[in-house]
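In what follows, a structure is listed as C-alpha cells, so that the remarks can point back to it.
Derivation of every value follows stated rules applied to the coordinates shown; laboratory data play no part. For clarity, every value in this text was computed on a predicted model and none was experimentally measured. Because the Cβ atoms are built from the backbone with ideal geometry, glycine has one as well, and the counts that use them run over all protein chains shown.
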Amino acid sequence: MDFDLVAQTFEQMEQTSSRLALTDLLVSLFKKTPPEIIDKVTYLIQGKLYPDYEGIELGLAEKMAIRAIAASSGENMSTIEQVYRKTGDIGDTAGEIMKSKGQSTLFTEPMTVERVYSTLDKIAKTAGPGSQEAKLRLVSSLLHDATARQSRYIMKFVMGKLRLGIADYTVLDALALAFTGSRANRQALETAYNVSGDLGTVAKIVATSGLEEVQTVGITLFRPIRPMLAERVSTPAEALERMEGKAAVEYKLDGERIQVHKGQDRVEIFSRRLEKITGHYPDVVEAVRSINTKEAILEGEVVAVNLETGEYLPFQELMHRRRKHGVEDAMKNYPVVMNFFDVLYVDGSSKTSLPYTERRKALKALLAGKQDDRIRLVEQIVASEAGQIDRFMAKAIEDGCEGVMVKQLSSTYRAGAREFAWIKIKREYRSELADTLDLVIVGGLYGRGRRVGKYGALLLAAYDPENEIFRSVCKVGTGFTDVHLEQFYQSLEEHRISHRHARVDTGMEMDVWFEPKIVIEVIASEITLSPSHTAAKDSIRQGYGLALRFPKFTGKIRDDKDPEDATSVQEIASMYKRQLKTIGKQDSDDRQVK
Ligand code: AMP
C-alpha cells in the first residue's frame with residue numbers, strides 16, 4: 001500500500017475538526033487498506049506502532065532527528081536548526097527542508113506503508129550501545145526516498161508528535177461503517193475493544209473475518225482490559241437511591257489503579273490507561289507470585305504505606321515510584337501495599353459476567369491466607385441505610401482514603417463503561433491545618449517490620465476540661481526517628497497500665513494503654529468527622545467525634561506542658577468550624593474566578 005495514501009489522509013485530518021468529516025476520511029482510508037495490514041494502519045493513526053500495553057517507544061533524540069534530515073537532504077545542520085527554531089516541530093521542519101530540496105531522483109525502493117512500518121518497528125526495537133547511530137541510519141534511509149509530505153509525517157511520528165486527535169470512538173465508528181456498513185455495529189466492536197484493549201486487533205478481525213468473529217473476542221492473559229468506571233454523587237442517600245436498596249460499600253483508596261495479570265511464571269502490571277507499568281512495582285509483582293492460582297487477572301489500588309504502622313500515606317508519596325531508574329531505592333523508601341477490589345479472570349475463565357457478590361467471593365477465596373503487609377482485600381461492608389455508609393465513609397477518610405465506592409451487588413463487570421453500577425462519593429474538601437496541636441499519649445499499638453519491639457503507632461487525645469477527661473483524636477505513626485521510638489518505648493514504660501485509663505474516652509482498640517502524662521506536638525492535614533474518635537463528640541454531628549487526618553509527630557515532646565494543658569476538644573471543634581468557613585470562602589472565590 002502506498003504510504004502517500006496515509007500521509008494524504010493525515011494531512012486532510014489535520015485540517016478538519018468535524019467528527020463526521022474525520023469519520024468519513026477514516027472510512028475511505030480503511031476501505032483502501034489491504035486487510036492484512038489494517039492493524040498497522042490503525043496503530044499509525046493513533047500515533048503508535050503497537051497497542052499501549054506493549055510499552056515500546058521509538059526513542060530518537062532530537063539532535064539525531066536533525067542529523068537524519070541533514071543526511072538525507074544534504075542541507076547543513078545550521079539551516080535545519082534555524083527552520084526548527086521557527087516551526088518548533090521536527091516534522092514541519094523536515095517537510096519544509098524536503099520541499100525546498102525536492103525529492104531525490106535516485107530512490108530505489110517505493111515508499112509503502114509496509115516499508116515505513118517495518119523501519120519504524122526496527123527503530124523502536126534497536127537498543128543498547130550505538131543504538132542512536134543505528135536509529136539515525138534507519139530514519140535517514142526512509143527520508144532519502146520520501147516526499148516532503150511523507151517526511152513531515154514520518155518525522156512527526158518518530159518524535160511522538162503525531163497528534164491527529166482521533167478518539168477511539170471515531171476509529172470504532174469508522175471500522176463499523178467500512179466493514180459492516182452500519183454505525184449501529186459499533187457496539188459489538190467496542191465490546192471487543194473493551195476486553196482486548198487493542199484497536200488494531202479489533203480492526204484486523206472485523207476486516208478479515210467479519211462481525212461474527214469480533215463477537216468471540218474474549219479476555220486474554222497479559223492483554224489489559226479497559227477498566228470499569230464510576231459515576232459520582234455527593235451523598236450516601238443519593239447513591240443508595242440508585243441501588244437496589246442494598247449495596248456494597250468499599251474504601252476508595254487514594255493511590256494508583258492497576259490491573260495485575262498473573263501467569264504461571266510471569267506477572268505484568270497495567271495502568272488505568274492500559275500502559276505496561278510492571279517496572280514501577282517489582283514488590284507487587286513479587287507479592288502476587290504467591291497467590292495460589294495458575295492464572296488470574298486482578299484489579300486493585302496500589303497505595304503508599306508506612307510499613308511499620310500499616311497506615312496509608314497520601315497519594316503524592318506514590319509519585320516517587322513512577323520512574324524508570326532507581327526503582328530499587330524508591331521501593332525501599334516508598335513502600336506500597338496492594339489493595340485488591342476485583343477479579344476478572346481465573347485459570348482460563350472470565351469472571352466479568354458474574355455479579356459483584358460472586359466476584360468478591362472469588363477474590364476473597366484467592367486471597368485467603370495471603371493477606372499481609374503487601375496484599376490486602378479492600379475494606380468492604382454491605383449497607384442498606386445512608387447512615388451506615390456515612391459512618392463507613394468517615395472511617396475511610398480517617399484511615400487516609402478519599403471516600404467510598406458504592407457498588408451494585410448484582411452488577412457484572414462492565415469493561416470500559418462509566419455507569420451508576422459503581423458510584424464514587426469523595427470527601428468534598430481538602431485543606432491544610434496551619435496550627436500544630438499538643439496532644440496526650442494514651443495508648444499504643446505494637447510495631448511491625450522495622451518497629452518490632454517498639455510502638456508502631458500511638459493513640460493521642462485532646463483534653464476536655466468540662467468533664468476533665470481525655471478524648472482520643474488520632475493515631476500517629478509518622479514523623480518518628482529511630483531515636484524517638486526508643487525514647488518513647490522507654491519513657492512510656494513507667495506510665496503503662498493494664499486497661500484503658502478511667503479518664504480516657506475512645507472508641508479505638510489498643511494493644512497497650514498509658515496514663516495520660518506525656519504531651520507531644522503534631523501537625524495534620526485537616527480535621528474530619530470520625531466514628532471512632534471521641535474528641536468533641538456530638539458537638540458537630542450526633543454520633544461523631546473529630547479526628548486528625550494524616551497526623552505527623554513534629555519531633556517536639558512538650559515536657560513543658562501538663563496533660564491538662566494539651567489542646568482542648570473545644571479548640572479542635574472551633575478549628576474544624578474555621579476550616580469549613582475557609583473552605584466555603586475558597587469555594588466562592590473559585591466561583592468568582594470562573
Ligand atoms: P476517579 O479516579 O475519581 O474517577 O475514581 C475512580 C478511581 O477510584 C478508580 O479508577 C480507582 O483508581 C479508584 N479506586 C479506589 N478504591 C477503589 C475501589 N474500592 N473500587 C474501585 N475503584 C477504586
Based on the mean of other beta carbon atoms within 10 Å per residue, what is the order of 516-526, 163-173, most packed first?
516-526, 163-173
So the label point goes 7 Å from the Cα of residue 353 along Cα→C-beta, right? Which residues of segment 166-191 then have their backbone N under 16 Å from it?
188, 191
Set the bar at 26 Å for Cα to Cα. Now go through 395/556; 294/364; 454/561; 262/395; 324/426; 537/581 and name every pair that lies beyond it.
395/556; 262/395; 324/426
Tell me, in nm to one decimal, what length is gained between residue 417 and residue 517 on full extension, where the rule is 0.36 nm per residue of separation less the Cα-Cα distance?
30.5 nm
What fraction of the DSSP beta bridges in the chain is antiparallel, stated in percent and rounded to the nearest 5?
90
Please label the shape of the chain as rounded, prolate or oblate, based on the square roots a ≥ b ≥ c of the eigenvalues of the alpha-carbon gyration tensor (a/c under 1.5 means rounded; beyond that, a/b larger than b/c means prolate, else oblate).
prolate
Angle check, please: helix 356-367 long axis (alpha carbons) against the longest principal axis of the chain (alpha carbons), in degrees 0 to 90, nearest 10.
80
Peptides ranked, highest mean first, by Cβ atoms within 10 Å: ranges 149-159, 199-209, 485-495, 255-265:
149-159, 199-209, 255-265, 485-495
Using a Förster radius of 51 Å, what is the FRET efficiency between residue 241 and residue 77 based on their Cβ-Cβ separation? Nearest 0.05, please.
0.15
Full-extension gain between residue 316 and residue 14, please, as 0.36 nm times their residue separation minus the C-alpha to C-alpha distance.
105.0 nm
With no solvent and one point on each alpha carbon, what is the Debye value of log10 I(q)/I(0) for segment 229-430 at q = 0.16 Å⁻¹?
-1.07
How far is helix 131-144 tilted, in degrees, relative to the longest principal axis of the Cα atoms in the chain, given as a value from 0 to 90 rounded to the nearest 10?
40
With Cα atoms, 0 to 90° folded angle of helix 62-73 axis to the chain main axis:
0
Go through 222, 441, 318 and say which Cα lies farthest out towards the positive end of the charge dipole of the chain; charges sit on Cβ, +1 for Lys and Arg, -1 for Asp and Glu.
222
Just grab the label-to-label distance for residue 371 and residue 112, each label 7 Å out from Cα along the Cβ direction, in nm (one decimal).
5.9
Nearest 0.05, what FRET efficiency do residue 574 and residue 229 give at R0 = 45 Å with Cβ-Cβ as r?
0.70
Suppose only helical runs count, i.e. DSSP H with n ≥ 4. What mean residue ellipticity at 222 nm does that imply for the chain under -39500 (n - 2.57) per run, divided by all residues and rounded to the nearest 500 deg cm²/dmol?
-12000 deg cm²/dmol
Taking every DSSP beta bridge that has both residues in segment 229-430, what percent is antiparallel when rounded to the nearest 5?
85
